[in-house]
1. If every alpha-carbon in the range 100-146 counts as one equal scatterer, what log10 I(q)/I(0) does Debye give at q = 0.27 1/Å?
2. Averaging over all projection directions, find the projected area of the Cα convex hull of the range 16-56 and quote it in nm² with one decimal place.
3. Considering only protein heavy atoms and a probe of 1.4 Å, how much of the accessible area of the chain is carbon and sulfur, as a whole percent?
4. List the relative contact order of the chain as a percent without decimals, with contacts defined as Cα pairs under 8 Å and 6+ residues apart.
5. Can you work out the accessible area per residue across the chain, with the rest of the protein chains kept in place, probe 1.4 Å, in square angstrom?
6. For the range 57-150, take the convex hull of the Cα atoms, compute a quarter of its surface area, and give me that in nm², please.
7. Would you kindly give the portion of the calculated P(r) for the range 30-85 that falls above 15 Å, as a percent of all Cα pairs?
8. Expressed as a fraction of 2.2 N^0.38 Å, the rule-of-thumb size for a compact globular protein of N residues, what is the C-alpha radius of gyration of the range 5-115?
Amino acid sequence: MTPSAATAAATPKGASTRGMLLERACGMAARIGLEGISIGELASAAGMSKSGVFAHFGSREDLVRQTLDWAAGQFIEEVMTPALRLPRGMPRLQAISNAWLAWITAHPDGCVFLGAAMEYDGRPGPMRDHVATLLESWRGALERAVALAVEQGHLRAGTDPALVAFQFQALMQGYHHARMHHPQSARALTERAVADLFARYAADTSAPAASPTA
């Protein structure tokens, strides 16, 4: 970050303006991709001068990276943070599922993360590494949530958390695409598919309890 950018972000007004700019940039990225964002276009969309935007972002690359980070922060705040307040296991996993579906529904223009994965796949460099790190962090969080459900006895012992997290994530990503050709039923179908996934690995609660040892 340049000195001018640091100064702008250090004041309450600067932080508020920066947040507004990142929100605008995130909306642009959902529609045209991160590579479509430029200082000039963001300035025009926000009704600011290019120098005013430069006061918050030292370069276009800085703007693109911070836009992705801002989107990730919003996603965690709306999807994961509320779920962490619930008991470990299926209550938490179900909360993640519900909030994730709500997030996708609330962003009809598209997913910044999926867009970034497609834009930077096959393009080695710092930005691709950054995208991969964010996606891996989320996959790891899902895997931990599934592992806790196994520990709590909600999912069968021996369930592979990596596999279930992968399947869960694939279903949610599928919802993004299904909205285009199944706009009326995509969410309901995804809800059913996620419920079937969790049911497939659910622990057998009907099994008799083990006899107490002498």
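The values are calculated or read from the model by the stated rules, or taken from the named source; none is laboratory data. Since the model is a prediction, treat every value here as computed from it, not as a measurement. Heads up: the accessible areas ignore ligands, DNA and RNA and are worked out on the full protein's heavy atoms, side chains in. Shrake-Rupley method; radii C 1.70, N 1.55, O 1.52, S 1.80 Å.
1. Those come out to -0.99, one per q.
2. Value for the range 16-56: 2.4 nm².
3. 58 percent
4. Relative CO of the chain lands at 17 percent.
5. 54 Å²
6. 6.8 nm²
7. On the way: 857 of 1540 pairs.
It works out to 56 percent of all Cα pairs.
8. 1.21
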